[in-house]
Amino acid sequence: MDFRFDIVIEYLPLILEGTLLTIGLSIISILLGAMLGFVVSLGKMSSKLYLQWPASLYINFFRGTPFFVQILIIHFGFVPLILGESNGLIAGVLAMTLNSAAYTAEIYRAGIQSIDKGQSEAAYSLGMTKFQAMRHIVIPQAIRRMIPAFGNEFIVLVKDSSLLAVISVQEIMYYSQMMSGQYYAVWEPYLTAALLYFVLTYVLSKLLYYLERRLVY
């Protein structure tokens, strides 16, 4: 195998630009997904069926269908319906956010329900409302238990962002495919992409491990 470093060097500025976009998209999507996921989790845990059923349907749809299909539906269907035209960047952020929210909703639900109900009952006996008990007693403890799961979801989101190349979002895989198409190469573009994703996820996993050690233990 004759590995051509020259074409990697030629595309390196573009690929690094794509790497920054990958990081930015992942951060924005995990933050928006965490906020939306919290709302969905409250609906899922609600005793009111008109809140519980839509939340359950949302979670089951986005967890039960391929992310690739979700991207295509949002890009070619939903975004043009709202904006009148397709926009890869908006569709990409929206697809990652909606998909992430379904998973983070289950993380919230599992974390909150793992806290002993006796603690909430004790808070009520002290005169706290349900909201106060959730805010001051349940959520702080649950967050610590959620951190590893949130970290895993962030790592998965970074890797799944590679699928956005199919709608021409200029992240890592977009430029890797461009390199492959121009030079009819396989090893150079895809090994470079694999290395960048590995570095991103490895560094992220180490940061999350450090955060977990500081906050959980």
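All of the numbers you see were taken from the coordinates with simple rules; none came from a lab. Every value quoted in this text rests on a predicted model; they were computed, and no experiment measured them. For neighbour counting, all protein chains shown are included, and Cβ atoms are generated from backbone atoms with ideal geometry for every residue, glycine included.
General remarks:
- Cα centroid separation, the stretch 78-98 to the stretch 1-46 (Å): 16 Å
- The gain in end-to-end length when the Lys206 to Leu20 segment is fully stretched comes to 65.1 nm, 0.36 nm per residue minus the alpha carbon separation.
- Label zone (Gln182, point 7 Å along Cα-to-C-beta; backbone nitrogen cut-off 20 Å) within the stretch 1-42: 2-22.
- Across all C-alpha atoms in the chain, the radius of gyration and Dmax reach 20.7, 73 Å.
- Take the Cα of Leu31, step 7 Å toward its Cβ, do the same at Ser125, and the gap between the two points is 4.2 nm.
- Nearest-ten-degree value, helix 139-160 long axis tilted from longest Cα axis of the chain: 20 degrees
- Treating r as the C-beta distance of Leu191 and Ser56 and R0 as 30 Å, the FRET efficiency rounds to 0.10.
- Each residue of the stretch 16-26 was assigned a 3J(HN,Hα) from its phi angle through the Karplus expression (A = 6.51, B = -1.76, C = 1.60, θ = phi - 60°), giving 5, 4, x, 5, 4, 5, 4, 5, x, 4, 5 Hz with x at Gly and Pro.
- Efficiency of FRET between Leu12 and Phe76 - r from beta-carbon atoms, R0 45 angstrom, step 0.05: 0.90
- Positive-pole candidate from Gln177, Ile9, Ala102, dipole of the chain, charges at beta carbon: Ala102
- Potential extension, Val39-Arg145 segment - 0.36 nm per residue separation minus Cα distance: 36.3 nm
- Our helix-only sum for the chain, with -39,500 (n - 2.57) per DSSP H run of n ≥ 4 divided by its residues, gives a mean residue ellipticity at 222 nm of -26500 deg cm²/dmol.
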